[in-house]
Each structure stands twice: as structure tokens, then as C-alpha cells.
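Worksheet: one structure, shown below.
Only the coordinates and a few stated rules stand behind these numbers; no lab work does. Computed from a prediction, not measured in an experiment: that's the story for all the values here. Because the Cβ atoms are built from the backbone with ideal geometry, glycine has one as well, and the counts that use them run over all protein chains shown.
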Amino acid sequence: MQGRSSLATPAVPSSPLDGPFVSLEFKGHLPDDNQAYHEVIWQEACTALHMAELESLHVIDTTLPTEREPPLWMQLFEQCTNVTKVHAEGMGMGSLLWSMGPQDPTPFVGSQDLDEPTPALLFPRLTCLSLKNLDFDLRYSTRERVYELVYKLLECRKRCGAPVRKLCISECGVDSTEIDSLNSLVPKVRWDGVQDI
């Protein structure tokens, strides 16, 4: 079995995230039946760190698109209530993006009612989201395209009163029309212009 997980902090940022941050990264590939191995490493690393005070998080999953279940991300990062900046990199980030939207079993639609409870959010103080090396046309599991996940996450957070204010997209397959749509939800969008990966 080959595969390696590395954990490093602090690190020199190579993204729009400033200052020290925690970086969790998988390198190499494990057979599909060893996904539990990945998840144990993530859980042990996150448990060992004092993540409640963390303000920036840089997560890289270079494995193939995965069906890693969103509840895992909630379990790993639920204590990270002070995170304002997240950098998500790699084709395996679809489930993390899905997890960052409201965790309400019913879709968040219509105008917000004052009597309606606010759905629980992963990273409730998130203001800056950086995405790298994601194919926006790729389907996450049997669900939406990555673009749709990103759009819904931004739209739902805006409706919940926890909007993302800065979105950085690099080395992602996304077209200018989709960027314009995302820009309608986020005041500041930075895109490198890459349309095909």
C-alpha cells in the first residue's frame, strides 16, 4: 500500500491566505478500499491540533474525486468557528465545498423568514474562499457539478447572513459566464482566467 499524508505548520503561504496556517495534505494514492485510512489520519491530525483558535485553513486533497462524506468534514472542523479564510485545493474537495453550505436537510430557498432558524454553518465566520486545481465541470459523486456546489455554497451563505466577501479561483476549469454569476454573489472575485484544465 502506498500513500503518504503530511502535516506542516506554520507554512509559507502560496495562496491568498496570509500568515501562518495549518496545511493538511495527502500525497500519493491509496486503493479505494483504504479511504478509511485517509479519514483516520485526518481525524488524528485534527484532534492533536488546537484548532479552535485557527483563523486560516489550507486543505489539499490531491486524490482522485472522492465520495468522502460531508459529515467527516463537519466532525473534523466543527471546532473551527474562528476560521475566516479557507484555501481548498485538489480534485477531492467537492465534499468539503458541499459541507461549507448550510447543513439543513431541506434546500434553503425563498426569502429569509425572521422566525426561520439559521442553518448550522461550517466556518461561520468565513469571508475569504480560495479554490485551486478544481475542474468546475466535474461532478461531485452523483450530485452537482463543482461549479454548482460553489454557487450554492455562496448563495446560501449570503442568504444566511454569513457571506463570503472574497473568492479566489486559480487553475480551475471555469468559464467567464460562470465567473460573472459567482461575482453576483461575492463582492470581490479574483480569477486567473484558466478555462480548461
**Asked** Once amide H atoms are placed 1.01 Å from N in the peptide plane, what residues at a sequence separation of 5 or more from ILE169, or on another chain, have their amide H within under 5 Å of its amide H?
**Response** LEU131, ARG190, TRP191, ASP192
**Peptides ranked, highest mean first, by Cβ atoms within 10 Å: ranges 156-166, 121-131** = 121-131, 156-166
**Prompt:** In nanometres, what is the gap between the two model label sites at GLU148 and SER184, each 7 Å from Cα along Cα-to-Cβ?
**Reply:** 1.7
**Asked** ³J(HN,Hα) across region 163-178 via Karplus (A = 6.51, B = -1.76, C = 1.60, θ = phi - 60°), whole Hz, x for Gly/Pro?
**Response** x, 7, 9, 9, 10, 10, 10, 9, 6, 10, x, 8, 9, 5, 5, 5
**Burial ranking of peptide ranges 46-57, 75-86 (average Cβ count within 10 Å, highest at the top)** = 75-86, 46-57
**Prompt:** If you bin the C-alpha pair distances of region 131-179 every 5 Å from 0, what whole percents do you get?
**Reply:** 5, 20, 28, 24, 17, 6
